[in-house]
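The values are calculated or read from the model by the stated rules, or taken from the named source; none is laboratory data. Predicted, not measured: the structure shown is a model, and the values here were computed from it. With ideal geometry, Cβ positions are generated from the backbone for all residues, glycine too; neighbour counts draw on all protein chains shown. Note: accessible area is taken over every heavy atom of the protein model, side chains too, but ligands, DNA and RNA are not part of it. Shrake-Rupley method; radii C 1.70, N 1.55, O 1.52, S 1.80 Å.
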Amino acid sequence: MNRITRISTLFAALATICLATVAQQPDFSKVEIKVTKVSGNIYMLEGQGGNIAASVGEDGIVIVDDEFAPLSEKIQAALKNLGITDKPVRFVINTHYHGDHTGGNVPFATSGSTLIAQDNVRKRLASGGTAGNGGSIKMEVKPAEKAALPIITFEHDVTVHLNGEDIRALHFPSGHTDGDAIIFFPKNNVVHMGDDFVRYGFPFIDVAGGGSVQGMIDGVEKAAAQLPADVKVIPGHGALSNLDDVRAYVKMLKETSATVQKAIDAHKTLDQMKQEKILAPWAKWSGDFVNQDTFIETLFNSLTGHPGQFVKHN
């Protein structure tokens, strides 16, 4: 075995170890639920998975997303510890179908909560399938059990009138997925943007699940146009944010997608784009989950309308 072969074998082994580590389930027993008061009776809960928004009041509780099933009791306890109401979680609104946002659907539904989501969320939960960016991110999603399926679905929008608030879920097509809903709490000047806006860097766009960068830009811009300047923004992942954070995020999406589109127009291949590091000017957005190469794949597949093939990288 020559030196180059030994190095290649070593990198392949390291990649296998890394993939195995990522695939491991987190230890949910060690997860603590952090609760932040956002505005009025709206709270943000952070644990493992997507951020939760909660409207807590005398009429009961509405939550947006529910993380993972093993955390449902901790989430319930955190809400009860606020000391505002002994009434249960009456409604759960899912922002999209991914398991880190819908994993708690079964225990919440079993304990009496009504699940609400956009039509495509129910369809994708029921059917299962493949989620991914058409490249190096690929996840097989098993069909969910019946109790996990939203029993109230909507095509365009739905409003839940509770705790003196008109909580409006509005569908924005083909962004993070094809079933995205952004949730508005107008009285309290709060919005939960699901994974159409995240704080971990370059976003994961589920091209295989009907998502696109064009739809994400369009949806976030349209949502932002409806919001007051001082609105408090709950992202799908990451710290509580504001409209300046959202605008910086959209600016990055526009600039990076324009850069990849220019390369496509110049008939450059995906490998050439990676080799030339065309997203280097936005390196600060590169993260452990979605790095520059992964986001080039995402944008390329989204802009060409081609879901691509899964390529295992060493």
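What helices in the chain pass both tests, a Cα length along the helix axis of 15 Å or more and a mean Kyte hydropathy of 0.0 or higher, using whole DSSP H runs? Before the final figure, lay out the partial values.
On the way: long enough: 3-23 (30 Å, 1.47); 213-225 (18 Å, 0.38); 243-265 (32 Å, -0.23); 292-304 (18 Å, 0.06).
The answer, listed by residue number, is 3-23, 213-225, 292-304.
Tell me, how many Å apart are the Cα centres for region 56-120 and for region 156-225?
One Cα centre to the other: 18 Å.
With the chain treated as a Gaussian network of Cα nodes joined by springs under 10 Å, which of S136, S127, S72 yields the largest mean-square fluctuation?
Sorting by GNM fluctuation, first place goes to S127.
Report, in listed order, any pair from K138/K254; K187/K222; K254/K277; K146/K187 with a Cα-Cα distance greater than 28 Å.
In this structure, K146/K187 lie more than 28 Å apart at Cα.
How high is the FRET efficiency between E140 and K284 when r is their beta carbon distance and R₀ equals 41 Å, given to the nearest 0.05?
0.80
Cross-link candidates for K34: which lysines have Cα within less than 23 Å, leaving aside residues fewer than 8 places away along the same chain?
Within reach: K74, K80, K87, K232.
At a Cα cut-off below 17 Å, give the aspartates and glutamates reachable from K251, other chains included and same-chain residues fewer than 8 away excluded.
Filter leaves D195, D196, D218, E221.
With a 1.4 Å probe and all protein chains kept in place, how much accessible area does K187 have, in Å² rounded to the nearest 10?
The accessible area of K187 comes to roughly 140 Å².
Does region 134-203 come out rounded, prolate or oblate, given a ≥ b ≥ c as the square roots of the eigenvalues of its C-alpha gyration tensor, rounded meaning a/c under 1.5 and, failing that, prolate meaning a/b above b/c?
Numbers: a/c = 2.43, a/b = 1.40, b/c = 1.74.
Oblate is the answer for region 134-203, as a/c is 1.5 or above yet b/c matches or exceeds a/b.
Extending each Cα 7 Å along its Cβ direction at K30 and K123, get the distance between those two points in nm, one decimal.
The two pseudo-label positions are separated by 4.1 nm.
How large is ³J(HN,Hα), in whole Hz, for each residue of region 200-209 in order, when computed from phi with the Karplus curve 6.51 cos²θ - 1.76 cosθ + 1.60 and θ = phi - 60°, using x for Gly and Pro?
8, x, 3, x, 7, 10, 7, 4, 5, x
With the other protein chains left in place, how much accessible area per residue, in square angstrom, belongs to the chain at a 1.4 angstrom probe?
47 Å²
With a 1.4 Å probe and all protein chains left in place, how much of the accessible area of the chain comes from carbon and sulfur atoms, in whole percent?
That fraction is 53 percent.
Taking every alpha carbon pair in the chain, what does the distance histogram look like in 20 angstrom bins from 0, in percent?
Values per bin, smallest distances first: 32, 56, 11, 1.
Looking only at S39, S29, S302, which one moves most when the chain is put into a Gaussian network model with springs between Cα atoms under 10 Å?
Comparing S39, S29, S302 in a Gaussian network model of the chain, the most mobile one is S29.
Just the accessible area for L240, please: 1.4 Å probe, Å², rounded to the nearest 10?
60 Å²
Using a Gaussian network model on the chain with a 10 Å cutoff between Cα atoms, which of G104, G238, G211 fluctuates the most?
Fluctuation is largest for G238.
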